[in-house]
1. So Lys52 passes all but one of these: (1) in contact with a helix residue (DSSP H, G or I) (Cβ under 8 Å, 6 or more places away or on another chain); (2) basic (Lys, Arg); (3) at pLDDT 95 or above. Which condition number does it fail?
2. Which residue is surrounded by the fewest Cβ atoms within 10 Å (Cβ to Cβ), if the candidates are limited to segment 374-401 and must be touching a strand residue (DSSP E or B) at 6+ places or on another chain (Cβ under 8 Å) and not in a loop (DSSP other than H, G, I, E, B)?
3. Going by the structure shown, is Thr355 of a type in the set (Val, Ile, Thr) and either surrounded by 15 or more Cβ atoms within 10 Å (Cβ to Cβ) or modelled with pLDDT of 85 or more (or both)?
4. Does Ala63 qualify as being out of contact with any Asp or Glu (no Cβ under 8 Å at 6 or more places or on another chain) and closer than 18 Å to Glu84 by Cβ?
5. Tell me which residues, restricted to segment 179-200, are in contact with an Asp or Glu (Cβ under 9 Å, 6 or more places away or on another chain) and either among the small types (Gly, Ala, Ser) or assigned by TED's automatic domain parsing to the domain that holds Glu16 (or both).
6. I want to confirm something. Restricting to segment 147-191 and keeping residues that are of a type in the set (Gly, Ala, Ser) and closer than 25 Å to Tyr269 by Cα, which single residue is farthest from the chain's Cα centre (by Cα)?
7. Quick one: Ile110 ticks every box in (1) over 25 Å from Tyr232 (Cα atoms); (2) of a type in the set (A, V, I, L, M); (3) out of contact with any Ser or Thr (no Cβ under 8 Å at 6 or more places or on another chain) except a single one, so which number is it?
8. So, in segment 218-250, how many residues would count as being farther than 22 Å from Leu300 by Cβ and either touching a residue at least 12 places away in the same chain (Cβ under 8 Å) or buried (at least 17 other Cβ atoms within 10 Å of the Cβ) (or both)?
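The values are calculated or read from the model by the stated rules, or taken from the named source; none is laboratory data. Worth saying up front: this structure is predicted, and the values here are computed from it rather than measured. Here the Cβ is made from the backbone with ideal geometry for all residues, glycine too, and neighbour counts use every protein chain on show.
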Amino acid sequence: MFSGGDFLPLVKEQYEALPYPPRDPLRERERLIQRASDNLITLNHHCFGGRKDFRDGFRALVAGGGTGDSTIYLAEQLRGFDAEIVHLDLSVAAMSIAQERARIRGLSDIRWVNASIMGLPGLGLGEFDYINCTGVLHHLESSEAGLAALRDVLRPDGVILLMLYGRYGRRSVYDMQALLREHLPADTGIAEKIRMTRALLAALPETNSFRRDQGRWDYEISATGFGDAGLYDLLLHSQDRCFDVPDLYALAGAAGLDILCFVDRAAAYRPETYLGAAAGASALLQGLDMQRRQAIAEILTGDLIAHEFYLGRQDLHQPASFDNDRNALSLAGAMHGHHREIGASLAAGRKLTITGRSGVLHMAGNPLNSALFANMDAVTPLAQVYERVRANVPDFLPDKVRAAVQEICRALHDQGHLYLLEAGAYGVKVPNYTRLPPPPLPGVK
């Protein structure tokens, strides 16, 4: 970690020279970059009990929006709604890329603000229902002051998404940062630092910790990935702070906020994921509160390079629950909108394999699974799902159907493949956030 001094001018200089992440606006005509934690279905499930209606006056702030990934994805989801997105960033160069991406997509409900997060409370931007701040606070001289600035523009019932670097998953990165601080002259310019760093990387012995771990970072630093912008952001940033689980809780507590849940790789924060039925595991974990269990899990896995989590007030925010029979089932990712096809494919003797960041799930082809997937339409309430599934397995008692459905759905949810929304509370239909239509070409209607 770099420490001491005011790093804001150096951070601004970096992102003006090397906007991050590097994006070609013309690619907006062929793809939509999606972030699971910015998916409004995911946000609704985890923070608003599945009952949030984003159509009427919803306000989102992307604080440190860079070249626009989160801003563009949120704006596509909110297209046509009475909603506003504010994109705030220190770098004019990075913001210009985000603005061009929005122009190509025809997205107009975005307000662009060139400023630092630290100046937020004095900008007169009002309060927000949702604040995205990913990959930013760990580059401030005081992450605590940065979060306080975000909290000051958050509505009382609003939610903040944070992404902060992990301590254990980035150990080799910090080893390399320390080496480069010793190796590079302090007054070296950006381009020369990059040249010297690449020369050093090429000369590293096989025993070096970053060399052993380099496969994890190849996309970040290679010419076919993020290139020089990624290399500088990963290894040469003027301010880079890492966090473990206790640090996260301390940061949230200092701002008077609660960690509502971890979004990415949620199962990685449960020690049972690794210990399973290991001898003595249950005795080790017995009596430990959630924070301590999550801290143990982080050390057990050792590969959490970042923490992505929602912050709010636990007395105001509860996740959607299977206890509410009015909730409907919404598939996520590439499966969204394909529930009928998947259900039809689960004939007896067939098998569905679902791969995600947290592992692999295998679903057997049988009447129960076929009927269940066919009704994961984000519209049919659970009470009706249970009835339809039981009609396919008449030899199952109602309680057995309910238990089987919930077991399957929880497994899908743990892997990030399924979320709950209260049927009828969201609007007339749930947009397909993961397979949005491509933007029109200029001049084509």
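1. (3)
2. Among them, the one singled out is Arg388.
3. no
4. Judged against the criteria, Ala63 is a match.
5. If the condition is that a residue be in contact with an Asp or Glu (Cβ under 9 Å, 6 or more places away or on another chain) and either among the small types (Gly, Ala, Ser) or assigned by TED's automatic domain parsing to the domain that holds Glu16 (or both), then Ala191 is the only one that fits.
6. Pass one, segment 147-191, residues of a type in the set (Gly, Ala, Ser): 148-149, 158, 166, 169, 172, 178, 186, 189, 191.
With the extra rule that they be closer than 25 Å to Tyr269 by Cα, the set shrinks to 158, 166, 169, 172.
Details: Gly158: 17, Gly166: 14, Gly169: 17, Ser172: 23 Å.
Here the answer is Ser172.
7. Just one mismatch for Ile110, condition (3).
8. 18
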